1. Would you pick out the residues in the stretch 281-297 that are under 11 Å from Ile242 (Cβ atoms) and touching a residue at least 40 places away in the same chain (Cβ under 8 Å)?
2. Which one of the conditions (1) more than 14 Å from the ligand (Cβ to nearest atom); (2) over 16 Å from Met303 (Cα atoms); (3) open to solvent by 30 Å² or more (accessible area, probe 1.4 Å) does Ile264 fail to meet, given that it meets all the rest?
3. Evaluate the following for Asp165: is it within 16 Å of the ligand (Cβ to nearest atom) and open to solvent by 60 Å² or more (accessible area, probe 1.4 Å)?
4. Kindly list, by first and then second residue, each pair from a residue in the stretch 107-123 that is within 29 Å of Ser320 (Cβ to Cβ) to a residue that is open to solvent by less than 40 Å² (accessible area, probe 1.4 Å) and within 7 Å of the ligand (Cβ to nearest atom), limited to pairs with Cβ atoms under 6 Å and residues at least 6 apart or on different chains.
5. Among the residues of the stretch 122-144, is there at least one that is surrounded by fewer than 17 Cβ atoms within 10 Å (Cβ to Cβ), at pLDDT 95 or above and within 16 Å of the ligand (Cβ to nearest atom)?
6. Looking at this structure, is Arg283 away from the ligand (no atom under 16 Å from the Cβ) and under 27 Å from Lys166 (Cβ atoms)?
7. Looking at the stretch 247-259, which of the residues that are open to solvent by 10 Å² or more (accessible area, probe 1.4 Å) and in contact with a Phe, Trp or Tyr (Cβ under 9 Å, 6 or more places away or on another chain) is nearest to the ligand (Cβ to nearest atom)?
8. Looking only at the stretch 171-189, which residues are surrounded by 16 or more Cβ atoms within 10 Å (Cβ to Cβ) and either part of a helix (DSSP H, G or I) or free of Cβ contacts under 8 Å to residues at least 40 places away in the same chain (or both)?
Amino acid sequence: MKKILIAGTFLLVYILSSFIISHPLKKEGDEKGLKDYFAKYFTIGVAVSPRALQTDEAGLIVKEFNSITPENAMKMGPIHPRENEYYWKDADSIAAFARRNHIRIRGHNLCWHSQAPRWIFTNATGDTVSKEILLQRLKDHITTVVNRYKGTIYAWDVVNEAISDKPDEYLRNSPWLRICGEEYIAKAFQYAHEADPDALLFYNDYNEINPVKREKIYRLVKSLKDAGVPIHGIGLQGHWAINEPSEEELNKTFKQFSSLGLTIQVTELDISVYAKEHNARERMAEEQNTVFTPEKEAAQVEMYKRCFAVFKKYRKNISSVTFWNISDRSSWLDNFPVRGRKDYPLLFDKNLQRKKAYWEVVK
Ligand code: GLA
C-alpha cells in the first residue's frame, strides 16, 4: 500500500511538472502583446475609431498596442465641420482612452486634400478664398487642434499626401496647392510647431515604395529640412499587399529615407490578401469568393515576415509601426479598392484571435 502511495505521488509530481515545463511559453505568450515583443525595437500602434473603444476590441488594444492613431476623428472635415464650429466629442474620447491606459497618440492629420471641409476653401458666396485667408484659416485650425491635445499627442502627421501620383507631376494638384502654392506645406509645420514645440512633426504619404514617388517624397522632405522647417519625421503609410513590396523595394525605401537623418514611422500598415490596386473599381462577377484561404494566408504570412525583418533591420531609424485598423472584423480595405470585397489585412482575425502572421512576426 505504502509503495503504491509513493509511486502514485511520484506519478502525480511527474505529470504536474511536465505540464508546467511544457506550458510556460504559452503562458508567457498569452500575457505578452505586440508592444512587449517589440519593446526593444519600436512602438506598436493601431488606428482606432471611438466606437471600437467601447467594444471588446478595447481590451485587445490595451494588451497589444502602446500607441493609437484616430482613424478619422481628428481629420479636418470631421473635427472642424464649419468655420466657427469644432466637433471634439470623438477625438476627446480617444484622447481620454489613451490617457487612461497610458497609451501614446499619433495625431492624424492637420492638412490634407481629402476629408477637408468644403467651407475652408470658399467664402460665403461660394468663391475661392485668397491665399492670405486660406493660410489664416489653416493657422487657426492647426493652432486650435494642436493646443487642445498638447501634452497628450506626442506626434502629428502635419501634412498628408501632398505628393502627386502622376509620374511627371511633383506636388498634388490640390486646392491647397492651387490657392497657396507650395508654401502651405512649410507653413503648416510652422503653425504646428508654434502651437506645441514639443510635438514631433511628420510628413506622411503612401506608395513610398514606388521609386518615382519615393524620390519626390524624399525631395520634399529634404527641401523642408534644408530650409530649416520644423519637421522631425517621415511617415510611410505602408498600405501594402501580398504581392508587393519586394524585399529590394523595402530595403531601398528604408535606406533612402534613413539617409535624411529624421525618424521614420510606418504609420498605416496593412497587408491586403488581394494583389495591389491603386484605384477604386466595381466588383467583378468572378470575385464572389472572398474566403480567407490557406493560400491567401500563406502569402500574407510571407509578406508580414518580410516587412518586419526589414523593419527590424532599420530599427535605429524606425521609431514606430502602426497598423491601420485593429482586426479582420472590419477594415477600410473591405471597401477599397473594390466595394464590398472582404479583406483580411491585419494580425487579428474576426474573433480577435492572433493569426499565423502574428506568431511569425513576433518570432
Ligand atoms: C490614407 C489616409 C488615412 C486613411 C486611409 C484610408 O492613407 O492617410 O487617414 O483615410 O487613407 O483609410
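The values are calculated or read from the model by the stated rules, or taken from the named source; none is laboratory data. This one's a predicted model, so the numbers in the text were calculated from it and none came from an experiment. Cβ coordinates were reconstructed from backbone atoms using ideal geometry, including for glycine residues, and neighbour counts include every protein chain displayed. Remember, those area values only see protein heavy atoms, side chains included, never the ligands or the DNA or RNA. Shrake-Rupley method; radii C 1.70, N 1.55, O 1.52, S 1.80 Å.
1. Those that are under 11 Å from Ile242 (Cβ atoms) and touching a residue at least 40 places away in the same chain (Cβ under 8 Å): Lys296, Glu297.
2. (3)
3. Taking the combined requirement at face value, the residue satisfies it.
4. Filtered contacts from the stretch 107-123: Asn109/Asn160; Trp112/Asn160; Gln115/Lys75.
5. No, the conditions are met nowhere in the stretch 122-144.
6. Yes: the conditions hold for Arg283.
7. Gln256
8. Pro175, Trp176, Leu177, Ile179, Cys180, Tyr184, Ile185, Ala186, Lys187, Ala188, Phe189, listed by residue number.
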